[in-house]
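Asks: Could you have a look at this structure, given as structure tokens, before my questions?
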Amino acid sequence: MATIRESRYTAIENKIVTLEDIFRLSKILSDENIVCKKNEQGSSVSFTARCADNSSFESEDSSIFDPNSFLSSKRVISVSLTFHRYEDNSYINIDLRHGDYGENSITVRGDDSTWVNGMTSKLSEIAGSFKPQNAFVRKHPAIINTILALGYGTVFLWIIILIPSSPPKEIPEWARLVRELFDKIPVLRTLFKYVIGIPMGIFPALLTRSKLLELWPKIEIQVGPEHLLIEKKRRKWLSAAIIAGILPLVLSLIYDIIKGNI
């Protein structure tokens, strides 16, 4: 009877991964390798870390990911953890890559369904305990883009209003009718102001959101000295850019409420 191998794949995303987290995963593979050696089964493990300075390190000992290891002084950007049992060609492969690209997953394969599902459960439980990444910007693009576009659009409208210009000698009939309508129903003037603010501010809003996505990647490997954790640092000053987009909108809304236009 032909051997049937089972594979289990677990995607990992929207997580912050620390050196301690990686060590916990590697320990499971290392312990499984020790069990195989005791049972005189051929097996191997390999732990690889790649760093931002183009260096890479490989070991068969999970202590490479110990929280006090030399990697704590490196900016780690990807890790690969593998276990292979030769006699039945069973394996475990864990890949984690910083950013929004690449495969971030746990794959377990073997012809023993109990072993496959048991290992998948152990590793998935650890991955599930990783600190969640802030995914609001990724999950709600329409909300983020609209709010930022309104904020930036409000700033542009203020600038336009402040630019001195001579009033037209003759007002078109349609403009006169619109003005009369706005005078009768002030809330329409307010709504019109915010509606035209969206297309005016959409470009800087899209640019700001793209930067936000870079600072909250699907997988953020926080391994290394604090000053090398670029996303963590930039999130602090980028909050100023967000405030620059939202504050004008808030002030404008308060002004309109006080005037009674809303």
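The values are calculated or read from the model by the stated rules, or taken from the named source; none is laboratory data. The shown structure was predicted, so the numbers you read here are calculated from the model rather than taken from an experiment. Every residue, glycine among them, receives a Cβ derived from its backbone with ideal geometry; neighbour counts consider all protein chains shown.
Asks: Could you look through the stretch 29-52, keep only residues that are buried (at least 18 other Cβ atoms within 10 Å of the Cβ) and of a type in the set (Ser, Thr, Tyr), and pick out the one that is farthest from residue 96 (Cα to Cα)?
Replies: For the stretch 29-52, the residue satisfying everything is 43.
Asks: Hey, can you tell me all the residues within the stretch 94-118 that are in a strand (DSSP E or B) and β-branched (Val, Ile, Thr)?
Replies: Of the residues in the stretch 94-118, the ones in a strand (DSSP E or B) are 94-97, 99, 105-110.
Correct list: 94, 106, 107, 108.
Asks: Within the group 14, 39, which residue is modelled with pLDDT under 95, of a type outside the set (A, V, I, L, M, F, W, C) and within 30 Å of residue 225 (Cα to Cα)?
Replies: Criteria check complete, one pass: 14.
Asks: Out of all the residues in the stretch 1-49, which are of a type in the set (Gly, Ala, Ser), assigned to a helix (DSSP H, G or I) and either over 21 Å from residue 117 (Cα atoms) or more than 27 Å from the chain's Cα centre (by Cα) (or both)? Walk me through it before giving the result.
Replies: The initial filter retains those residues of the stretch 1-49 that are of a type in the set (Gly, Ala, Ser), namely 2, 7, 11, 26, 30, 42-44, 46, 49.
If we keep only those that are assigned to a helix (DSSP H, G or I) as well, we get 26, 30.
Result: 30, single match.
Asks: Oh, and also: Of a type outside the set (Lys, Arg) and surrounded by fewer than 16 Cβ atoms within 10 Å (Cβ to Cβ): is that true of residue 55 in this structure? Write out each step before concluding.
Replies: Details: of a type outside the set (Lys, Arg): yes; surrounded by fewer than 16 Cβ atoms within 10 Å (Cβ to Cβ): yes.
Yes, satisfied.
Asks: Sort out which residues of the stretch 205-222 are under 12 Å from the mean Cα position of the chain (by Cα) and modelled with pLDDT of 85 or more, and write them in order of number.
Replies: Within the stretch 205-222, 217, 218, 219, 220, 221 meet the criteria.
Asks: Just for the stretch 115-129: of the residues that are of a type outside the set (S, T, N, Q) and surrounded by fewer than 19 Cβ atoms within 10 Å (Cβ to Cβ), which one is farthest from residue 221 (Cα to Cα)? Can you show your working first?
Replies: First, pick out the residues of the stretch 115-129 that are of a type outside the set (S, T, N, Q): 115-116, 118-119, 122-123, 125-128.
Filter again for surrounded by fewer than 19 Cβ atoms within 10 Å (Cβ to Cβ), leaving 115, 118, 122, 125-126, 128.
Numbers: 115: 29, 118: 26, 122: 21, 125: 18, 126: 15, 128: 15 Å.
Looking at the filtered set, the residue picked out is 115.
Asks: Step by step: first the residues of the stretch 185-204, then only those that are loosely packed, with under 14 Cβ neighbours inside 10 Å and aromatic (Phe, Trp, Tyr), then the one that is modelled with the highest pLDDT. Which residue is that?
Replies: Within the stretch 185-204, the match that is modelled with the highest pLDDT is 203.
Asks: Now for a separate question. Under the condition of being free of Cβ contacts under 8 Å to residues at least 24 places away in the same chain and of a type in the set (D, E, K, R), which residue from the stretch 19-41 is farthest from residue 122 (Cα to Cα)? Steps first, please.
Replies: Within the stretch 19-41, the first condition is being free of Cβ contacts under 8 Å to residues at least 24 places away in the same chain, and the residues that meet it are 31, 34-35, 37-40.
Applying the additional criterion that residues be of a type in the set (D, E, K, R) yields 31, 37-38, 40.
Details: 31: 12, 37: 20, 38: 21, 40: 23 Å.
Ranking the qualifying residues of the stretch 19-41, first place goes to 40.
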